[in-house]
Amino acid sequence: MPTINPVKGTHDIIADEADVYAYIDYAFSNVAASFGYRRIVTPILEHTEVFDRATGEGSDVVRKEMYTFLDKGNRSVTLRPEGTAGVMRSIVTNKLYATPDMPLKFYYSGSVYRYERPQLGRYREFRQIGVECVGEDSAYLDAETIALAARTLQVLGFQDVKLKVNTLGDKASREAYKEALRSYFGGIIDQMCPDCHERLRLNPLRILDCKVPEDQELVKDAPKMGDYLSEASKQRYQKTLALLDELAIPYEEDDTLVRGLDYYGEIVFEVHCISPEGNDYGAICGGGHYEGILGTFGGPQELDVGVGFAMGVERVYSLMKELGLIDNLAETIDAYLMPLGEQAVDFAYRLADGLRGYGYAVEAPYKTGKLGAMFKRAERKKAKLAIIFGEDELAKQIVQVKDLATQNQEEVPVSGLPQYLADHLQEDGEGE
Ligand code: HAM
């Protein structure tokens, strides 16, 4: 039988790696909660128009990368390519805006799907953790959202990341800038890649993001957003940067940063980190301020602003691994039981259950074996203690407990085991 591999661009996440993914999610949830966010879980499958309307038909994500198909009822549905659109749809569907307590603050995590060419750090199914803060327009919120991303990365152990920021200005500034880009690139478009021809038509801002080296050269001389910004947008941007300074969050201004999705206006940002081995997995976080998404679903105009970001969990994980940030995260167990003899196996089965009732992570083999093999197994499972007993011990209702780090061994009465574990594991700061 030929083996079946996972679909191209998808991957299995197993054991230690899966634990780290859960840890990233947990650490992020705690940080988000500390900023007043609540979790939201929206469907992975949405009507295609959710993304057509919100994410923008001019973006590569919507034009080329969506997993869209007709369901059995002939409805066009799409596997979400990002989290923002679904959250905004949900806010309108559930009238979550019907509250005086603005802004709405939601965080999420889950799989997203993009039909991209798989390469280092780029998958077709990947996971995002992200936030959306909706209904209030403020430089404070923009800066706070960036602070939330920075805090998450700090909690995960990152020390050296590069935060890039730019402003796309308000709508009028953006339109004026797009016009300037149209006329500049219009004159040289014949020298540019076929994608840029399309970008010029749909959204010339996107050309600034082109990865073709020859095109990047031409982008260098293009008009700059700064020259087209309204006074209000300039001030708002400066205010946000001043707030980042106050929070001691370092950043770098990059006037070619335009982001790949259509809904952004005013500040946009990305976080990058080159690994110690020189690998560039791409941005680990991207986000910014947006307007006009709620309205595309019929939501109230006066609340139609937001700011948010999403991080790619695969990229965060790969970097954490290379940076040695997950070495101490591997699952351990408190005790591995080592029964010597058939009767002891029977007892181990009940003892494991009893100790788990006290909250300890305990494992035991289901048949007896050689002591040496059991020690090797305990080591592989990163057990802290080995609890060893044969029929002689059981007759006396005692067990031998060996600390696998110090190799100290002590005789402990079975009835005193829960207390012994509490004392002993507590000493390492590891108890219940
Ligand atoms: P995005 O920049 O398209 O933004 O994606 C966010 C993050 O997802 C990226 O920074 C990257 O870490 C990760 N990512 C993107 N594509 C891939 C891929 N093919 N494989 C692995 N990781 C990937 C958004 O999705 C916006 N919804 C963010 C946002 C929320 N803006 C406002 N609110």
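The values are calculated or read from the model by the stated rules, or taken from the named source; none is laboratory data. Bear in mind the structure is a predicted one, so any value in this text is a computation, not a measurement. Positions of Cβ are generated from backbone atoms using ideal geometry, with glycine treated the same way; all protein chains shown enter the neighbour counts.
For the reader, a short list of remarks on this structure follows.
- Residue in the range 253-280 that is farthest from the ligand (Cβ to nearest atom), counting only those that are farther than 26 Å from P223 by Cα and touching a strand residue (DSSP E or B) at 6+ places or on another chain (Cβ under 8 Å): I274
- Those residues of the range 130-144 which are near the ligand (Cβ under 10 Å from one of its atoms) and within 19 Å of the chain's Cα centre (by Cα), in sequence order: G130, V131, E132, C133
- Filtered residues of the range 35-62 (kept if within 24 Å of E314 (Cα to Cα) and either out of contact with any Phe, Trp or Tyr (no Cβ under 9 Å at 6 or more places or on another chain) or among the hydroxyl-bearing types (S, T, Y) (or both)): Y37, T42, P43, L45, E46, F51, T55, S59, D60
- Any hit, the range 231-251, residues being surrounded by 19 or more Cβ atoms within 10 Å (Cβ to Cβ), over 26 Å from the mean Cα position of the chain (by Cα), more than 30 Å from F158 (Cα to Cα) and more than 16 Å from the ligand (Cβ to nearest atom): yes
- Residue count for the range 344-369, restricted to those that are touching a residue at least 60 places away in the same chain (Cβ under 8 Å) and within 16 Å of I388 (Cβ to Cβ): 2
- Scanning the range 62-90 for residues that are away from the ligand (no atom under 13 Å from the Cβ) and either part of a loop (DSSP other than H, G, I, E, B) or among the β-branched types (V, I, T) (or both) gives T68, D71, K72, G73, N74, R75, V77, T78.
- Checked against (1) away from the ligand (no atom under 16 Å from the Cβ); (2) aliphatic (A, V, I, L, M); (3) touching a strand residue (DSSP E or B) at 6+ places or on another chain (Cβ under 6 Å), L325 meets all criteria but (3).
- Residue in the range 300-307 that is assigned by TED's automatic domain parsing to the domain that holds G83, touching a Ser or Thr at 6+ places or on another chain (Cβ under 6 Å) and either in a strand (DSSP E or B) or closer than 22 Å to G110 by Cα (or both) present: yes
- Residue that is surrounded by the fewest Cβ atoms within 10 Å (Cβ to Cβ), among those in the range 281-299 that are within 12 Å of the ligand (Cβ to nearest atom) and outside any strand (DSSP E or B): G282
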